[in-house]
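The values are calculated or read from the model by the stated rules, or taken from the named source; none is laboratory data. Just so it is clear, the model here is predicted, and its values are computed rather than measured. Note: accessible area is taken over every heavy atom of the protein model, side chains too, but ligands, DNA and RNA are not part of it. Shrake-Rupley method; radii C 1.70, N 1.55, O 1.52, S 1.80 Å.
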Amino acid sequence: MDKARVEEILESKGVIEVTYKNNPVWLEGISTKEDGKILVKDLITDEKYEADIRELKE
């Protein structure tokens, strides 16, 4: 996925399924610390972590 699509999903009012390494995640917000990273919440474990935007799948 690219950063522009991530921004569209973040601004969307709907629920859009996104996965990271085959796990469903909720996009929390683009990281300001490191370019190309986003804060996500794993919907199975409730764990929050930074993920590489390029590895997100719709």
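The amide H of Val18, built 1.01 Å from its N in the peptide plane, has Val25 as neighbours under 5 Å, considering only residues 5 or more places off or on other chains. For the chain, count all C-alpha to C-alpha pairs, find those more than 17 Å apart, and express that count as a whole percent of the total. In whole percent, the share of Cα-Cα pairs in the chain beyond 17 Å is 27. With θ set to phi - 60° and the Karplus curve 6.51 cos²θ - 1.76 cosθ + 1.60, what are the ³J(HN,Hα) couplings of the range 17-26 in order, to the nearest whole Hz, using x for Gly and Pro? Working through the residues one at a time gives 5, 10, 10, 9, 6, 6, 9, x, 9, 10 Hz.
Heavy-atom accessible area, probed at 1.4 angstrom with all protein chains present, ranks Thr45, Thr19 as Thr45, Thr19, highest first. Here the 3J(HN,Hα) profile of the range 40-56, calculated from phi with Karplus coefficients 6.51, -1.76 and 1.60 at θ = phi - 60°, is 10, 10, 5, 6, 8, 9, 6, 6, 10, 7, 8, 10, 6, 4, 5, 8, 6 Hz, Gly and Pro shown as x. Restricting attention to the chain, the count of lysine pairs at 8 or more positions apart or across chains with alpha carbons under 15 Å apart stands at 10. Atom-type composition of the exposed protein surface of the range 12-58 places 46 percent of the accessible area on carbon and sulfur (1.4 angstrom probe).
Rolling a 1.4 Å probe over the protein heavy atoms gives the chain an accessible area of 72 Å² per residue.
Heavy-atom accessible area for Lys41, with the other protein chains in place and a 1.4 Å probe, reaches approximately 60 Å².
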